[in-house]
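In what follows, a structure is listed as structure tokens, so that the remarks can point back to it.
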Amino acid sequence: MSYDVAIIGAGPAGMSAAVRLRALGAAVIVIDEQPAPGGQIFRGIERNAASPVFPALGEDYAKGCALVAAFRASGAEYLPSTQVWQIEDGWNLFLTTERKARHITARAVLLANGAQERPVPFPGWTLPNVMTVGAAQILLKSGGMLPEGRIWIAGAGPLPLLYATQLLNLGGRIAGYLDTATTPKLSALARLPGAWREFGNLAKGLRWLRDVRRSGMMIKGFSDLRAEGEERLEHLTWEAAGKRHRVEADVLLVHEGVVPRIHETLALRCEHIWNEEQGYLAPKLDRWGQTSRKDLFVAGDAGGIGGWMAATVSGEIAALGIAGQLGIAANPDDLRQAAHLDQRRARALALRPFLDALYPPPRTRLADDVIACRCEEVTAGAIRSAARNSPADPSAVKAATRCGMGPCQGRQCGYTVQALLAEVHGLPIGDVSFFHIRPPLKPITLGEIASLEHAEGAA
Amino acid sequence: MFKSVLERPGVPPDMMVLVNGVETPAWDGETVASVLLRVPDAGRRSPISGTLRLPYCQMGVCFECLAIVDGIASTQGCLVPVQPGMRIESQRGPREISR
Amino acid sequence: MNADIIVVGGGVVGTALAYGFARQGLSVLVLDGEDGDMRAARANFGLVWVQGKGAKAPAYHDLTRQSANLWPTFLQELEGCVETRIDYARPGGLFYCLSDHEYEARDALNKRMHNQAEYADTRMVDRRELERMMPAVTFGSEVVGASYCLADGHANPLQLLAALQQAITALGSKLLFRSTVGSIRPEKTGFTVHATSGSFRAPKVVVAAGLATPLLTEPLGFTIPLRSERGQLLVTERLAPILPYPASGLRQTADGTVMIGATKEEATDRGVTVASATKLALRATRIIPALSAARLVRQWSGFRVMPPDGSPIYAQSERYPGLFAAACHSGVTLAAAHAAIVAPAMIAGRLSRDLAAFSNGRFDVQKCA
């Protein structure tokens, strides 16, 4: 099958781009890993609309209903529960739905595959019942799952506070909150004037904080958090005021911000830019969201973290850029102005500089015995030792340790390896490259690949 | 360690699934990875050290939720919604491929 | 002088030679290239392979055999000076035949090679014998049999490279990364090697820079003809042990992953294609259908370093004695020979006597005519 545009991801950016492109008459296919549209932010929104969970998820969640409805009505072909496992020039996309591989072509590709939580290794992070805050929120949105027992949250950023609020709304309890955020620096406060325009959002954040303080223990100014237990999490320990503290815990939820999903753009050899403040790589994009490669666009958090409102706008902008380039719209600039897309994006991003300065990624030294690569169980010490015997090249460390060679293909250890190489070689982190990402983008079976032998156009 | 808010006394579950042969209640919209968190010892065992692992990210990037779903091994459980009668088995150590 | 000998190239050929030199007590400086250089050593399939090698070149076959036989000792000595362990096994290796035609052709090749020299370690095994050898496997219906060679084995090529690199340092020599060599200048005595990290002097220089070798030797009138051939490889997730024997194009590593390889292509870019993955996956699943359930984790490509006749080149410049070149495919299989035979021959000036068949002079059209 052949399309004008293949959009990967049915979150805010992908959906809004699809709606725009369809309105302009483009032939659009939207491919998404999830079984229903909404992305992680609006996950399960159609099903949850009638659920008792819905009111507890808050106002922002409810705002996704209209976008999902517009997407459903847009006439874009929609492939849920589908993984894109390779993209070749041209563009040729290779997909698998329910174990059946297929091949489609598109004149342009829009990557709207969002973000993932920043992996931050610490002692015990591989223990059962240690998971991310985002994971817990997804469980809440899919099946209304609430954690039971002594729930601890450790981390920083708006998401833990939002999740905590949602949990409390549903009658859940939190045993304690280990706040890893550093005191706001002057640089963060300097950016406040811009942020004031979004005062509504800020006030909500403060309300979350107050609620959390009221519900349990709020711990600040600690170090060396460890999750411990035999076969699963049993207790947490940390260092504070010169003393080691220890509490019983059944679930630990961690969160240190989100980073763009870059495996696709890295595999496609797009240029990337290192964001020093937030410690992540993002593809270099022009004002329409086009990468360094013609007809390959990125929208939403995959192009740099901006949140769902900014993602929605960037999806529309990329849609217009693609339509202009493919000759589907003659006047993309006029359409961009008419829809006030730049003003809307600026508004959506108003709070971002403040948040970015307030929540820098943690840069504490990893102990040698901490597992950095969950899949292959490679420790920070093993990576350091390999790094001392190699140039500051992640490929050399990967070859020497198998770090990044497991099924997650480096999605959990990439930044850790980069940081450890920088540490060993005395370089700024941004000067060390990321893993070289190899296909397939997702581990598909040999049978699925072999089946393409007789598939149309697979030659 | 997790329980659905939809679970109330007298309200039957949306469906039953089989986890390592045991009938287990499940709820519409939840994924295989979510079920793994509710059944004791349903996690996978690492093919390297053999240690127990449970789902970590729920969004398709950590691969800790790999399980055998309806006979298909190394399935990312967090991407598969439950279906009535679904057979979910733990993947322990390096996977076996059937003859 | 910065060293007794400079080796240009930190891949598996350059480091095995350097390791051989260092073991003889020489001080060696190895200059490795940039991170992004073509690196056959890192794309390697990992066979320590004898059967079928040098079918038309008896000297190459003999060297391969010697190297495969030296491997256990080579490994023991190497592991004695570094912490890195190298997965290695020599259970014998298979070449699967998927039709009567393939089976007969392979049988004929084996017989021809037996006629070159009396080796009794390679034989054809039929399907029934294969099934006895590998009881955990159900073979595809097309599998007729295989040729089986007791001398074959396999090793982890990445661990080998890491160990060799570490051994050089452990033996008191030096390895510099990100030191791409731009030119080699003959001096009154010895050579100056100009690299991105500086200029270095030594009485002897060995160029083992893979496909980049001719770029450095040609300006000095030292011709090392090479052609590149792209190969694509696949590797699966870790599986419980299923393949007790490595095979040409299909082996299970000690980690449990299954490697499938490799295509032979003229392409010069480093890309990989779904079309090639499909071909490789198809062949593997025709041999063992159960592999169709295994998940592919990674696909990559590498470039074979191919002399025109397929045999290695070990040569010394006639015009500038002390300048050597080493270039070959099969750097893993030959690693033991490089350290124990080729390196000592280079130092002792016995290259033209002991390894005459591998000189670059064999490509000289005028001489041959």
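Of all DSSP beta bridges in chain C, what percent run antiparallel (nearest 5)?
Numbers: 46 of 61 bridges.
Taking every DSSP beta bridge within chain C, about 75 percent pair in antiparallel fashion.
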### Task
Assuming a ≥ b ≥ c are the square roots of the Cα gyration tensor eigenvalues, decide whether segment C:93-150 counts as rounded (a/c under 1.5), prolate (otherwise, with a/b larger than b/c) or oblate.
oblate
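Can you tell me the equivalent ellipsoid semi-axes for segment A:352-459? Use √(5λ) from the Cα gyration tensor, largest first, whole Å.
On the way: eigenvalues 199, 71, 34 Å².
Those come to 32, 19, 13 Å.
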### Summary
So, with points 7 Å from each Cα along the Cβ direction, the C:Ala275-A:Glu277 label distance in nm works out to 4.7
### Cβ-based charge dipole, chain B, positive-most Cα from B:Ala26, B:Leu52, B:Pro81
B:Leu52
### Message
For chain C, set up a GNM with springs between Cα atoms under 10 Å and report which of C:Val137, C:Val342, C:Val181 has the largest fluctuation.
### Response
C:Val137
### Task
Could you check which residue among B:Val32, B:Val80, B:Val17 shows the biggest mean-square fluctuation in a GNM of chain B with a 10 Å Cα cutoff?
B:Val80
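Mean Kyte-Doolittle of at least -1.0 and a Cα length of 27 Å or more along the axis: which whole DSSP H helices of chain C meet both?
Length and hydropathy pass: C:58-81.
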## Note on the structure
Taking the alpha-carbon centre of each part, the distance from segment C:9-64 to segment C:124-176 in Å is 17
### Message
If you count only protein heavy atoms and use a 1.4 Å probe, how large is the accessible surface of A:Leu140, to the nearest 10 Å²?
### Response
0
## Note on the structure
If amide H atoms are modeled at 1.01 Å from N in the peptide plane, then the residues at a separation of 5 or more from A:Asn275, or on another chain, having amide H under 5 Å from its own are A:Tyr280, A:Leu281, A:Ala282
### Query
Applying the Karplus parametrisation 6.51 cos²θ - 1.76 cosθ + 1.60 with θ = phi - 60° to the phi angles of segment C:199-206, what ³J(HN,Hα) value in whole Hz is obtained for each residue in order, glycine and proline being reported as x?
10, 10, 10, 7, x, 10, 9, 10
### Query
Taking the alpha-carbon centroid of each part, what is the distance from segment C:288-308 to segment A:339-396 in angstrom?
31
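Just from its helices, what would the mean residue ellipticity at 222 nm be for chain C, if runs of 4 or more DSSP H residues each count -39500 (n - 2.57) and the sum is divided by every residue, rounded to the nearest 500 deg cm²/dmol?
Mean residue ellipticity, 222 nm, calculated: -9000 deg cm²/dmol.
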## Note on the structure
note: segment A:371-427, Cα-Cα separations exceeding 13 Å make up a percent value of 47
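Quick test of the membrane-span-like rule: which DSSP H helices of chain A reach at least 18 Å along their long axis (C-alpha atoms) with mean Kyte hydropathy at least 0.0? Working shown, then result.
Details: long enough: A:199-215 (24 Å, -0.66); A:308-325 (25 Å, 0.96).
Helices passing the filter in chain A: A:308-325.
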#### Entry: Orphan Cys of chain A, criterion: no other Cys C-beta under 4.7 Å
A:Cys65, A:Cys270, A:Cys375, A:Cys408
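Quick check: net charge around A:Ala319, other residues with Cβ under 13 Å of its Cβ, Lys/Arg +1 and Asp/Glu -1? Walk me through the numbers on the way to the answer.
Working: positive: A:Arg20, A:Arg22, A:Arg336; negative: A:Asp4, A:Glu316.
Net charge around A:Ala319: +1.
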### Query
Is segment B:15-90 rounded, prolate or oblate when judged by the Cα gyration tensor, a ≥ b ≥ c being the square roots of its eigenvalues, rounded requiring a/c under 1.5 and prolate requiring a/b larger than b/c?
prolate
### Message
As I understand it, the dipole of chain A uses +1 on the Cβ of Lys and Arg and -1 on the Cβ of Asp and Glu, about the Cα centre. Which of A:Ile29, A:Val84, A:Gly324 lies farthest toward its positive end?
### Response
A:Gly324
### Summary
Subtracting the Cα-Cα distance of A:Arg293 and A:Gln343 from 0.36 nm times their residue separation yields 15.3 nm
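Order A:Phe42, C:Phe95, most accessible first, counting only protein heavy atoms with a 1.4 angstrom probe. Don't skip to the end; give the middle numbers.
Numbers: A:Phe42 0, C:Phe95 55 Å².
Of A:Phe42, C:Phe95, the descending order of accessible area is C:Phe95, A:Phe42.
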### Query
How much length is gained if the chain between A:Ala23 and A:Lys220 is pulled fully straight, taking 0.36 nm per residue apart and subtracting their Cα-Cα distance, in nm to one decimal?
65.9 nm
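Roughly what % of DSSP beta bridges within the protein assembly as shown run antiparallel, to the nearest 5? Please list the in-between numbers first.
Numbers: 96 of 147 bridges.
Around 65 percent antiparallel, to the nearest 5.
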#### Entry: Sum of side-chain charges, C:Ile184 neighbourhood, beta-carbon under 13 Å (Lys, Arg +1; Asp, Glu -1)
+2
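Quick one: dipole size for chain B, taken about the Cα centre, charges +1 on Lys/Arg Cβ and -1 on Asp/Glu Cβ, in debye to the nearest 20. Could you put the intermediate results ahead of the total?
Details: 10 positive and 10 negative charges, 69 e Å.
With only Lys, Arg, Asp and Glu charged at Cβ, the dipole is about 340 debye.
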### Summary
Cα gyration tensor of the protein assembly as shown diagonalised, 5x eigenvalues square-rooted, in angstrom largest first, produces semi-axes 52, 31, 28
### Task
Extending each Cα 7 Å along its Cβ direction at C:Arg128 and A:Glu77, get the distance between those two points in nm, one decimal.
5.3
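So if I place +1 on the C-beta of Lys and Arg and -1 on the C-beta of Asp and Glu, and nothing else carries charge, what would the dipole magnitude of segment A:371-427 be about its Cα centre? I want it in debye, nearest 20. Could you put the intermediate results ahead of the total?
Values: 6 positive and 4 negative charges, 11 e Å.
For this selection, approximately 60 debye.
When the convex hull of the Cα atoms of chain C is projected onto a plane and the area is averaged over all directions, what value comes out in nm²?
Values: hull surface 73.6 nm².
Its average projected convex-hull area is 18.4 nm².
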#### Entry: Considering only chain A, percent of DSSP beta bridges that pair antiparallel, nearest 5
50
### Query
In whole Å, what three semi-axes, largest first, describe the equivalent ellipsoid of chain A built from its Cα gyration tensor (square root of 5 times each eigenvalue)?
35, 28, 22
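The values are calculated or read from the model by the stated rules, or taken from the named source; none is laboratory data. Small disclaimer: the values here were computed from a predicted structure and weren't measured. FYI the Cβ positions are ideal-geometry reconstructions off the backbone, even for glycines, and counts take in every protein chain you see. Note: areas computed on protein heavy atoms with side chains; ligands, DNA, RNA excluded. Shrake-Rupley method; radii C 1.70, N 1.55, O 1.52, S 1.80 Å.
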